[in-house]
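Student: After the structure tokens below, expect a handful of questions from me.
Throughout, read-outs are computed from the coordinates displayed, never taken from laboratory work. What you see is a predicted model, and the numbers here were worked out from it, not measured in a lab. Cβ sites come from the backbone with ideal geometry, for glycine too, and all protein chains shown count toward neighbours.
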Amino acid sequence: MTNNELMQEDLNYIFHPCSQMKDHETLPLIPIKKGYGAYIEDFEGNAYLDGISSWWVNLFGHCNAYINEKIAEQLQELEHVIFAGFTHKPAIDLAKRLVSLTPEPLQKLFFADNGSSAIEISLKMAFQYFKNKGETRPLFVSLENSYHGETMGALAVSDTGLYKEVYEEILIKTLHAKSPALHDEKEALEHMREVLQKNSGKICAVVVEPLVQCAGSMKMYDASYLKALRTLCDEFGVFLIADEIAVGFGRTGTMFAIEQAGICPDFLCLSKGITGGYMPLSVVLFTQDIYDAFYCDYHEGKSFLDSHSYTGNTIACAVANAVLDIFEYKNIIKTNQEKINFIKEETQKFKSLDNVLEVRQRGMICAIELQGYAPKERIGLKIFQEALKQGVYIRPLGHVIYFMPPYIFTQEQLKKMIETTYAIVKSL
Ligand SMILES: *Cc1c(COP(=O)(O)O)cnc(C)c1O
């Protein structure tokens, strides 16, 4: 079948995520037939460099031979089993490895199957922790310009304008503090202090995306803010939830972004890269103290009874273990450094263009913010379409172009992605 025939078939039935379906009257949907390494290929043989890791999830390329092999092995044994009352080896191995990779106080973890669910779990646990101790604290604090997912709780702690406004009346109440990515760090911290002070005794947790507000136009801030925020949370006796769903697993240059601040959150949410883009899986890591707050006789009513049908899916856990294997045997954090430096050098030239406001980078995330375009011009969409014609897949956030490639990109592939984009931006 041709791309077009498949697109028509699709449009007969499917409502796609994060899409205005009417756009597809003029904007083709692209049916993908196969993936290999850095490329995805459509039904007419056009190959595209996947410059955004298929929505930030793919770390080691499409159809990675080692991961494929590990899945095939797992499939001979067990595909999935109920995770209440039962357990399995891949989950145990993965839990042990994640606990040892993260800061020492994070001793226990809870599995879920997508990023938003991990956020819901951390919010529910934070709230119930205090409830179990006889306190009701109905509020959460998050940062302005934040994104934590699409389910009702995750949406409530997000600050995503259009995506959230529609549901405002039915969302739990949250407070937003100034973002250090949009304001001076000192100003942001003072505002956070003010919010915590004013609502003292009513807040159970502060939730943040460490170092990069990815969905929020790849806005970045310094580790020093996280360090100060940790101190503030301790001072006011509220939990700190680190949402590393996007930035975890090497994205910012270290395995986890919190390492750069030298802090430990009370909850750490992970997903996306955890399975290298293969399977939906998420985890929430937390402290022994939090675990203990739910440990009691069943009739005491302090249990944490959250569950999802696919909690701790066996294949997903096996894949996550394969991903951690690759981090180890290929020493990815170290070898990525060369790619990070290469991206930095190659993107400098954007700075001399009049329509570029800023080039910013944290590890394997590089953003180029354009200026001088009205939102209704949909400049990002134009750039996406032009790049695609030239075999490069990027997906700008409005007027902010970004690169978030899988870690298997070669220098040549990085160069092709950057050069293609540069030529387009220059010609605008
Ligand atoms: C993607 C994302 C989420 C939500 O994860 P889903 O798997 O899409 O539900 C939450 N927080 C951050 C920072 C994200 O980037």
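Student: Based on the alpha-carbon gyration tensor of region 17-137 and its eigenvalue square roots a ≥ b ≥ c, which shape applies: rounded if a/c is under 1.5, prolate if not and a/b is larger than b/c, or oblate? Write down the numbers at each step before the final one.
Tutor: Values: a/c = 2.55, a/b = 1.51, b/c = 1.68.
Note, shape of region 17-137 comes out oblate.
Student: Another question, then. Which value, in debye to the nearest 20, describes the size of the charge dipole of the chain about its Cα centre when Lys and Arg Cβ atoms bear +1, Asp and Glu Cβ atoms bear -1, and nothing else is charged?
Tutor: 600
Student: In a GNM of the chain with a 10 Å cut-off on Cα contacts, which of 24, 80, 62 has the highest mean-square fluctuation?
Tutor: Of the options given, 24 has the highest mean-square fluctuation.
Student: So, one more: Choose one of 19, 228, 149: the residue whose Cα lies farthest towards the positive end of the charge dipole of the chain (beta-carbon charges +1 Lys, Arg; -1 Asp, Glu; about the Cα centre).
Tutor: Checking the options against the dipole of the chain, the answer is 228.
Student: Using a Gaussian network model on the chain with a 10 Å cutoff between Cα atoms, which of 83, 43, 239 fluctuates the most?
Tutor: Of 83, 43, 239, the most mobile in the Gaussian network model is 43.
Student: Next up: 7 Å from Cα along Cα→Cβ at both residue 81 and residue 348: what's the point-to-point distance in nm?
Tutor: 5.7
Student: How do the peptides 109-115, 64-70 rank, highest first, by the average count of neighbouring beta carbon atoms within 10 Å per residue?
Tutor: 109-115, 64-70
Student: With everything on Cα atoms, drop me the angle between helix 332-347 and the longest principal axis of the chain, reported from 0 to 90° to the nearest 10.
Tutor: 50
Student: Separate question: Ranked from highest to lowest mean number of other Cβ atoms within 10 Å per residue, what is the order of the peptides 299-307, 90-98?
Tutor: Working: 299-307: 12.3, 90-98: 18.0.
Highest to lowest by the protection proxy: 90-98, 299-307.
Student: Just to check I understand the Karplus step: with θ = phi - 60° and J = 6.51 cos²θ - 1.76 cosθ + 1.60, what whole-Hz values come out for region 246-262, glycine and proline as x?
Tutor: Values per residue, Gly and Pro as x: 8, 8, x, 6, x, 4, 9, x, 10, 3, 10, 5, 4, 4, 5, 9, x Hz.
Student: Taking the Cα centre of region 147-266 as origin, work out the dipole magnitude from +1 charges on Lys and Arg Cβ and -1 charges on Asp and Glu Cβ, in debye rounded to 20. The partial results should precede the final answer.
Tutor: Working: 11 positive and 18 negative charges, 23 e Å.
Dipole size: approximately 120 debye.
Student: Same structure, new question: Apply the Karplus parameterisation 6.51 cos²θ - 1.76 cosθ + 1.60, with θ equal to phi minus 60°, to every residue of region 71-79 and state each ³J(HN,Hα) to the nearest whole Hz, in sequence, with x for glycine and proline.
Tutor: 5, 4, 4, 4, 5, 6, 9, 7, 8
Student: Among 394, 197, 319, whose Cα sits farthest toward the positive end of the charge dipole of the chain (+1 at Cβ of Lys/Arg, -1 at Cβ of Asp/Glu, about the Cα centre)?
Tutor: Farthest towards the positive pole: 197.
Student: Right, another one. Treating only the Cβ of Lys, Arg, Asp and Glu as charged (+1, +1, -1, -1), what charge dipole size does region 317-428 show about its Cα centre? Round to the nearest 20 debye.
Tutor: Around 200 debye, computed over region 317-428.
Student: Sort 27-36, 174-183 for me by packing, meaning the mean count of neighbouring Cβ atoms within 10 Å per residue, highest on top. List each step's numbers first, then the result.
Tutor: Values: 27-36: 15.1, 174-183: 20.6.
Answer by packing, highest mean first, reads 174-183, 27-36.
Student: Counting only C-alpha contacts under 8 Å and six or more residues apart, can you give the relative contact order of region 145-269 as a whole percent?
Tutor: Relative contact order, region 145-269: 21 percent.
Student: Just want to confirm a number: the relative contact order over region 245-314, from Cα pairs under 8 angstrom separated by 6+ residues, in percent.
Tutor: 21
Student: Over the chain, what is the relative contact order in percent, taking alpha-carbon pairs closer than 8 angstrom and at least six residues apart? Walk me through the numbers on the way to the answer.
Tutor: Numbers: 768 pairs, mean separation 88.5, N = 428.
This gives 21 percent for the chain.
Student: Same structure again: On a C-alpha basis, how far is the centre of region 263-317 from the centre of region 145-182 in Å? Whole number, if you could?
Tutor: For region 263-317 versus region 145-182, the Cα centre distance is 22 Å.
Student: Counting only residues 5 or more places away or on other chains, whose amide H sits under 5 Å from the amide H of residue 107 once H atoms are built in the peptide plane?
Tutor: 286, 287, 288
Student: Here's another thing I want to ask about it. Through the Karplus equation 6.51 cos²θ - 1.76 cosθ + 1.60, θ set to phi - 60°, convert the phi angles of region 273-279 into ³J(HN,Hα) values in whole Hz; use x for Gly and Pro.
Tutor: x, 3, 10, x, x, 9, 9
Student: Going by how many other beta carbons lie within 10 Å of each one, how would you line up 349, 133, fewest first?
Tutor: Working: 349 14, 133 10.
Fewest to most other Cβ atoms nearby, the residues stand as 133, 349.
Student: Right, another one. Per the helix-only calculation at 222 nm, which mean residue ellipticity applies to the chain, given -39500 (n - 2.57) for every DSSP H run of n ≥ 4 and division by its residues, nearest 500 deg cm²/dmol?
Tutor: Using -39500 (n - 2.57) per qualifying helix, the result is -11500 deg cm²/dmol.
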